[in-house]
Amino acid sequence: MKSEIEKSGAFIGEDAALVRNFQSGDKTAFDQLVLRHKNKVFNLCYRFLGDYEEADDSTQETFIKVYRSIKKFRFESAFATWLYRIAVNTCKNKLNSLQYRLENKTMPIDTCGNPEGCNRCAEIVDESLSPLLKLEKKERSSLIQQAINTLPIEKKTVLVLRDIEGMSYEEIANITGFNPGTIKSRLARARLELKNKLRNMI
């Protein structure tokens, strides 16, 4: 299965063109990059942090870092790979902070902390399902997110990138700096740990 990064060469080419335009002085090009990727980055951050406000803050922080560094981008990888690397590191720093660990407050994944609903999490809910199936899926998603939240950071990283974001081992290696063998080993342990946690929660 191809990841979102790999699915469209045209999309990658459009990203590259926007980056070059920005580097050449077109400030509006960055706004377009944000619009193209903000939902994906938010969902990635939410899967890491399990909290709407923290994910929103981390998404904004990610794009601030990108804005400050994008003129140095050398096209050695896809823009999305570089962007996700920054997002992952931002989330890992958040999880490592003492303040976050003390304040860690998990919200159900179906509400995203917003009583009106959250279109940025729309991919989590399948509107084609019946009300009962929707409820069951929301409850299952909430349990999965709670279990993911308890995983150690390095296991959570490979699990989210591979099993939720659908990235290839090569992309995960580019984002995390782990070699493929390490990724596969940590992924196997993460899946087993997640399975055991879910078994105890259900």
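Please treat every number below as a calculation from the coordinates, not as lab data. Quantities reported herein were computed from a predicted structural model and do not represent experimental measurements. When we count neighbours, we look across all protein chains shown, and the Cβ atoms used for this are built from the backbone with ideal geometry, even at glycine.
Brief remarks on what is shown
- Which of S24, S185, S168 has the fewest Cβ neighbours within 10 Å, and the rest in rising order: S24, S185, S168
- As a rough footprinting exposure proxy, the listed residues V158, V34 were ranked by other beta carbons within 10 Å of their own, and the order from fewest upward is V34, V158.
- Ascending count of other beta-carbon atoms within 10 Å, so fewest first, for Y46, Y52, Y67: Y67, Y52, Y46
- The label-point distance for V34 and Y67, in a model that sets each label 7 Å from Cα toward Cβ, rounds to 0.5 nm.
- Checking the Cα-Cα distances for K72/K184; K27/K155; K94/K195; K65/K156; K38/K94; K40/K72 against a 29 Å cut-off, the pairs over it are K72/K184; K27/K155.
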